[in-house]
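Working notes for the structure below.
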Amino acid sequence: MAGKRTTLNKNNEPLIAALDVGNGEAVGVSNETPYPIGFEPLIAPMTRKHGQSKTDERPTFSLRVEKDSVLVFGIDDVYAHGQRDNLRRQSGMTRYTSGDYFNMIDALLLNLFGNQRGMPDRISPSLAINLPVVEFNKDATVDEIKETLMERGGKRDIADYDNCVLQIQLDPKRLAIMPESSGALMHWAFDDKTLERRAGSITSGSTIVCDVGYETTDLTLYEGMKYQRDRAFTVERSGMGNITRTISDGLIASGALRQSEESRIDRSLRPLASIKSGAEKWLTLPQGDFEISEVYDTAVSELSARIADRLHTLYPEGATRVLLAGGGTYHLKNALRNRLQYPVEIAPNPEHANVLGAFSTMRLQDKRRG
């Protein structure tokens with residue numbers, strides 16, 4: 001019957017998704033997509049100008065917010081389809097209850113359940129949303145996110161650029177808000193494809209999850225796999241944004257850039273993470289190629305020292321191990337290994353460990369429900 005609510009996809013599998021709308025990337029995964037999908041937290045109104053062809057005019061990540069108003073998201077779509085003079089980057093800790101935060105959630109859901117667009121029935125997926133520990137520990141923030149998502153009985157009619165609508169009805173019993181670090185630990189412990197324990201992943205004793213994000217680094221203590229709420233901390237101004245802005249400011253001061261290209265620099269830094277300290281490092285931007293080894297190496301050293309010092313201060317009780325996760329892991333893992341007093345483990349797919357682990361958590365919960 002048209003308009004009914006369904007929790008299953010065409011393969012008779014429970015619909016499940018997990019989202020991590022972070023300061024460096026908004027990313028999600030579902031059992032309708034073969035891999036995580038996401039975009040940088042750049043947002044702009046879509047331009048009304050025409051492309052060379054109709055294909056050129058269709059963005060990947062879009063959201064119709066009014067009849068004649070469309071938003072586009074991420075570097076690729078904002079620069080190809082957006083009004084650049086009106087672009088904005090969503091960051092900071094007040095973003096988690098802002099309108100753009102929920103716009104990014106909707107844009108992700110449109111792509112995570114793309115096969116369900118235009119269908120007559122409402123889907124009702126199990127949905128996990130990751131939050132930094134400092135926000136997760138704020139009951140008011142968690143409650144406001146849940147209340148916003150559950151407005152109108154959880155019904156959300158989400159339309160894309162083509163005005164193709166995804167009909168969703170969220171169920172409060174199938175909505176989970178969880179700390180990002182719990183996803184990282186889960187992903188370290190369980191294979192996200194088989195849900196079996198990973199060989200060599202030991203969670204006995206205590207684990208400090210060190211999640212290096214864009215604006216902050218989350219530090220969370222787990223006894224076994226149990227979250228210790230009073231031993232969860234956020235180290236402010238201690239993420240990859242420190243490194244990105246240092247490089248951006250240097251290029252602007254030298255005259256190489258006229259304005260900040262923070263998102264593009266962050267993306268272009270990723271290939272440099274595997275180059276050892278002291279070696280040449282060339283940053284490639286549309287404006288040219290820039291040798292940044294000295295400023296990059298110094299910024300990595302300073303950030304890793306700050307994180308290690310805070311970790312040792314915040315956990316005088318010590319720990320069995322430290323588990324590194326987050327996109328900053330690629331850049332900081334060697335420096336942190338040299339500075340930390342405990343054995344260091346690296347989460348698989350560290351940049352997406354939080355969301356993949358949250359997805360595994362929801363799958364296991366659905367499996368237990370039968």
**OP:** Could you tell me which of rounded, prolate or oblate describes segment 199-347, using a ≥ b ≥ c as the square roots of the eigenvalues of the alpha-carbon gyration tensor, with rounded for a/c under 1.5 and, failing that, prolate when a/b is larger than b/c and oblate otherwise?
**Re:** prolate
Original post:
How large is the dipole of segment 199-347 about the Cα centre if only Lys and Arg carry +1 and Asp and Glu carry -1, each at its Cβ, rounded to the nearest 20 debye?
Top reply: 280 debye
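Cross-link list 226/367; 4/173; 4/67: which exceed 22 angstrom alpha carbon to alpha carbon?
From 226/367; 4/173; 4/67, over 22 Å: 4/67.
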Subject >> Whole-Å distance, taken between Cα centres, linking segment 185-258 and segment 103-170 >> reply: 25 Å
**OP:** Specify which residue in the list 175, 140, 195 is farthest towards the positive end of the charge dipole of segment 140-204, using unit charges on the beta carbon of Lys, Arg (+1) and Asp, Glu (-1), about the Cα centre.
**Re:** 195
Subject >> Cα convex hull of segment 112-262, projected area averaged across orientations, nm² >> reply: 13.6 nm²
Original post:
If the label point is 7 Å along Cα→Cβ of residue 229, which residues in segment 119-161 have backbone nitrogen under 18 Å from it?
Top reply: 129-147
Original post:
Given +1 on the Cβ of Lys and Arg, -1 on the Cβ of Asp and Glu, and no further charges, what dipole in debye does the chain carry about its Cα centre, rounded to the nearest 20?
Top reply: 900 debye
Subject >> Among (i) 96, 87, 38; (ii) 53, 46, 40; (iii) 62, 52, 36, the entry that matches Cα extents along the principal axes in Å as calculated here >> reply: (iii)
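How would you order 342-350, 36-44 from highest to lowest mean count of nearby Cβ atoms within 10 Å?
Working: 342-350: 18.0, 36-44: 22.4.
Taking the mean over residues of other Cβ atoms within 10 Å, the ranking is 36-44, 342-350.
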Subject >> Estimated vicinal HN-Hα couplings, Hz - segment 328-340 in sequence order (Karplus 6.51, -1.76, 1.60; Gly, Pro = x) >> reply: x, 4, 4, 7, 10, 4, 5, 5, 6, 4, 6, 9, 7
**OP:** Of the options 331, 312, 362, report the single residue whose Cα projects farthest towards the positive end of the charge dipole of segment 300-370 (beta-carbon charges: Lys, Arg +1; Asp, Glu -1).
**Re:** 362
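Could you work out the helix-only [θ] at 222 nm for the chain, with each DSSP H run of four or more residues adding -39,500 (n - 2.57) and the total divided by the number of residues, to the nearest 500 deg cm²/dmol?
Using -39500 (n - 2.57) per qualifying helix, the result is -10000 deg cm²/dmol.
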Subject >> Given charges at Cβ of Lys, Arg, Asp, Glu: the chain dipole, positive-most of 252, 149, 301 >> reply: 149
Original post:
Out of residues 5 or more away from residue 214 or on other chains, whose amide H comes under 5 Å of its own, with H placed 1.01 Å from N in the peptide plane?
Top reply: 23, 24, 240
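Bear in mind these aren't lab numbers, they're just calculated from the coordinates by the rules spelled out. Every value quoted in this text rests on a predicted model; they were computed, and no experiment measured them. Every residue, glycine among them, receives a Cβ derived from its backbone with ideal geometry; neighbour counts consider all protein chains shown.
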